[in-house]
Every structure is written in C-alpha cells, then in structure tokens.
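Q: My questions all concern the structure below.
The values are calculated or read from the model by the stated rules, or taken from the named source; none is laboratory data. Note that the structure is predicted; figures quoted are calculated from it, not measured. Cβ coordinates were reconstructed from backbone atoms using ideal geometry, including for glycine residues, and neighbour counts include every protein chain displayed.
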Amino acid sequence: MGPIELLFITIGLIVTLIGLARGYVKELGNTVIILAVIFLLTFFQEELTSIMTKVGTDILGLSAPPNGFLSLFFSGVFIAIVFTSYAGKTLDFQGTPMPPPGGWLLNLTVGLLNGYLIAGTLWYYQDTFQYPLRNITGYQEPLSARAQAMINYLPPNLFENPVYWIIPVAVLLILFVRK
Amino acid sequence: MNINGSISIELMISFVIFLTFFGWIGLRRGAKRELIVLLTSLISWLILQEKGDLLVRITNLGGQLLALIASGGLSDNGTASAAATSSTQQLVTDTNENAFLFFVWVIIVIVTYWLTNKLVLDKDSKSNGWAILWGIANGLFFASVFLPRLVLLFLPTETSPQQAGQQLAQDGRGSVMSFLSNGFQMVSDAISNLWVNLGGLQPYVLLILLTLFLVMVYFSIKGAKIANLGGSGKSKC
C-alpha cells in the first residue's frame, strides 16, 4: 500500500473514531451536511474552478494552472464547512439511540461513512489538481494499482451526476421535518 | 477458498440460513439464557477434553461398585466380591471413551437448555442484539462439534468421528475460525461477483443502498427530531 492511500485511510479512521465517540445520532447531522457540501462543490466545480483560476492568475499572479491554490481552495472550503458542522449547532439531531450492540455497530458504520466521505473528498481534490501538495501528502509517482482503483470510488467520482448526492439528504430531511 | 457457480450460492445461502436460525433462537430465548448455554457448553467441552479420563475412571469405579453391590459383596467375606468386581467389564473402555464423553457433553447441553428455560425468567433474559450474538456464537460452536460427526452420514462407515474431524482439520477445516472465514469468504466472493455483474448500474445501487442505510439509521433513533437548525457559534462536540 502506498503512502497516499495510507494517509487518507488514516484520516478516514481518525474521523471514524470521532464518530464512535460522538455516537451516530450526532454524526447523522454531520453526514447530511457533508453530503450537501459534496453535492454543492461537485455540481459547481467547473464554475468555481474557472473563477478561482482567474483569481489565482490575475489577482494573485500565480502561474497557470494554479493547481496548488485550487486544491487549497476546494479542500479549505470543504474542511471549513465540515468543521463548522462538527463544532457548531448547524444540524443537531436528537433522540434515543439503539442500545448496544446494535448502537455500537451503527456508531461504527456511520463513523466509517463520514470518514470515507471526508477523507475521500480531500483525496479527490488532491488527485484532481495533480497532487500539488506532494511534499505533505507523500505522493509518489506512479500511484499504486490499489490507489488507482480506490480513486474511482472517491465520493465526487462515485456518481456521474452530482445531483444524486442530494437525494439521501432530501429523504432524511423530509423524514425529520414531517413530524 | 474458491468455489464456483451455483454451489457457492447454495453454500452461501446455507451459511446465512444457519447463522440466521441460531440468531433467531437466541432472540427467542434471550441474552442471559443463551450466554449461560454458551459458557456452559464451552467450559464443559474443554473440561471433558482435558480431564475426561478422570470422569471415565469415576464411571468405571462406579460400575465396579454397582457390580460389587449386585454380587452381595458388601456383606460377604470379600473373596466372592473381589472376584465379581475384578471380572466386571469396564463400562467405559478405550474404544467407547470418546462416545461416552460426547454423550455426557450432549446431556449437559440439553440439561442447560432445559434449566435456563425453567429457571431464568423472561424479564431477566432480554431479546436484544446480544441475544442474537450469543445465539450465533452457540450455533458456530455447535457446528464445530456436530459437523465432523454429521459428515459421517456421508462418509464410509469405517470412518470414525475422529477421523472425519482429522480429515477436516488437515486443511484447517472443521474449526470455528475456518467455518467463519470460509463462510464470510463465500459471502464476499458472491458480493464481488454480483458487483461486477451490475456494471453500469453500480452507482444507482450505491445510491439506493446509501439512502436505505440512512433511512434505517433514522428509524433506529427513538424520538428522532432536529433540535436545532442554525448556527449559534457555541462548540458542541
């Protein structure tokens, strides 16, 4: 296993541990936020890339294409929104969770899902902009076969149409709001 | 392990049904009853395997005592009784020792099932996830004990349970771990094959599975509601 997949699997596992500690009831709110952010960033990726490329080249004087700036922008926006969802009361679900062992299993599963969504999306932006932060991420050419296979399953690459990400969000919100 | 075609589907279904059946039994009986059965059957099995010869000796001594009593040896001068006891055939010999110990273990398990039904109250033995887990654990343990013997039904009559067990054990089969690992390998192979066959439908299946999973998580929360929608700036991890 190469360093790049080790790094992002580690990030995913850390997020999973956070999910295990917080419990799946709280994590569900974060899942909804993360899915919505993935939808927004992926849906408007072309437009945002075009705008931020102009900002990078014309305003900041960076050489085209400003891959490092773009990866930092997208990753930064994503991390900021995810951090806000963890730190603030943006979408706070409440209720009594299932008792163990089912509750533990759900804590683990939802934690793993959030870990995959967060780590996978960060990896996606590194891969899309050709690993501009290779000194930090430990990127080595060429990527291992396992990493190349995993990239096809990163969250923004999962669906050809990013609108699909909003479907589970909409279903969950409808279920919660109908009461 | 790589088994092809419809056989793997049959094995996978059998494996899943087997686990589901024992999980259902566990759910019906409750966690406490199943845990008592699991611990009793495990510990008694281990004790009989390690110290079974002690029980065999006690049983044979008991047999000799019965023979002594039957021959009136408690009241005579000892000569006739000594002859009676020395000529008594041992109840448990080397050839039937394993069968005897297995019989004793089965009796212990049956009695434990019966006693837990009688003595453990329903309110003390909750039907929850633990009950399912302990039920499955019992099923796995019983599989490792009974399967080498049941296999004899399909093997030549001269094969003993020990030889059947040894045949299974040669490739690491017949143990609980190999039963589990082979079973889960089958399930994983079936899922991989199904995934490849889905082709272009894969994203849609993933979407449906993700949505169903989140809906299931929602329905697992009692009194689920959104307590707050909006930012307050206060950190609440």
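Q: Out of region A:9-38, which residues are crowded, with 19+ Cβ neighbours inside 10 Å, more than 26 Å from residue A:96 (Cβ to Cβ) and either out of contact with any Phe, Trp or Tyr (no Cβ under 7 Å at 6 or more places or on another chain) or within 14 Å of another protein chain (Cβ to nearest Cβ) (or both)?
A: A:38
Q: Right, here's the next one. From A:136, A:118, A:166, which residue is part of a helix (DSSP H, G or I) and free of Cβ contacts under 8 Å to residues at least 40 places away in the same chain?
A: Among A:136, A:118, A:166, only A:136 is part of a helix (DSSP H, G or I) and free of Cβ contacts under 8 Å to residues at least 40 places away in the same chain.
Q: Among the listed residues A:111, A:120, which satisfies the condition of being under 23 Å from residue A:38 (Cβ atoms), of a type outside the set (Asp, Glu), within 14 Å of chain B (Cβ to nearest Cβ) and in contact with a Ser or Thr (Cβ under 6 Å, 6 or more places away or on another chain)?
A: Residue meeting the stated conditions: A:111.
Q: A further question on this structure: How many residues, within region A:138-179, are touching a strand residue (DSSP E or B) at 6+ places or on another chain (Cβ under 7 Å) and either within 21 Å of residue A:117 (Cβ to Cβ) or crowded, with 16+ Cβ neighbours inside 10 Å (or both)?
A: Summing the residues that are touching a strand residue (DSSP E or B) at 6+ places or on another chain (Cβ under 7 Å) and either within 21 Å of residue A:117 (Cβ to Cβ) or crowded, with 16+ Cβ neighbours inside 10 Å (or both) in region A:138-179 gives 1.
Q: Residues to consider are A:41, A:106; find the one that is buried (at least 17 other Cβ atoms within 10 Å of the Cβ) and more than 18 Å from the chain's Cα centre (by Cα).
A: Answer to the check: A:106.
Q: Scan region B:62-72 and tell me whether some residue there is at pLDDT 65 or above, under 23 Å from residue B:45 (Cβ atoms) and not charged (D, E, K, R).
A: Yes, region B:62-72 contains at least one residue that is at pLDDT 65 or above, under 23 Å from residue B:45 (Cβ atoms) and not charged (D, E, K, R).
Q: I would also like to ask the following. When both residues are 6+ apart or on different chains and their Cβ atoms are under 7 Å apart, which pairs have a first residue that lies in region B:7-26 and is over 24 Å from residue B:114 (Cα atoms), and a second that is surrounded by fewer than 18 Cβ atoms within 10 Å (Cβ to Cβ)?
A: B:8/B:189; B:8/B:190; B:9/B:190; B:11/B:3; B:12/B:187; B:12/B:190
Q: Which condition number in (1) surrounded by 15 or more Cβ atoms within 10 Å (Cβ to Cβ); (2) within 14 Å of chain B (Cβ to nearest Cβ); (3) without any contact (Cβ under 8 Å) to a residue 24 or more places away in the chain; (4) aliphatic (A, V, I, L, M) is the one that residue A:62 fails?
A: Failing condition for residue A:62: (2).
Q: Considering only residues that are in contact with a Leu (Cβ under 8 Å, 6 or more places away or on another chain) and hydrophobic (A, V, I, L, M, F, W, C), which ones fall in region A:114-132?
A: A:117, A:123, A:129 - these are the residues of region A:114-132 that are in contact with a Leu (Cβ under 8 Å, 6 or more places away or on another chain) and hydrophobic (A, V, I, L, M, F, W, C).
Q: In addition: Of the residues that make up region B:179-200, is at least one at positive phi, within 14 Å of chain A (Cβ to nearest Cβ) and modelled with pLDDT of 70 or more?
A: yes
Q: Sort out which residues of region B:28-43 are assigned to a helix (DSSP H, G or I) and crowded, with 17+ Cβ neighbours inside 10 Å, and write them in order of number.
A: B:29, B:31, B:32, B:33, B:34, B:35, B:36, B:37, B:38, B:40, B:41
Q: Can you spot a residue in region A:77-99 that is under 26 Å from residue A:148 (Cα atoms), polar (S, T, N, Q) and either in contact with a helix residue (DSSP H, G or I) (Cβ under 7 Å, 6 or more places away or on another chain) or within 9 Å of chain B (Cβ to nearest Cβ) (or both)?
A: No, every residue in region A:77-99 fails to be under 26 Å from residue A:148 (Cα atoms), polar (S, T, N, Q) and either in contact with a helix residue (DSSP H, G or I) (Cβ under 7 Å, 6 or more places away or on another chain) or within 9 Å of chain B (Cβ to nearest Cβ) (or both).
Q: Filter region A:139-163 down to residues that are part of a loop (DSSP other than H, G, I, E, B) and touching an Asp or Glu at 6+ places or on another chain (Cβ under 8 Å) and give me whichever is farthest from the other protein chains (Cβ to nearest Cβ).
A: A:144
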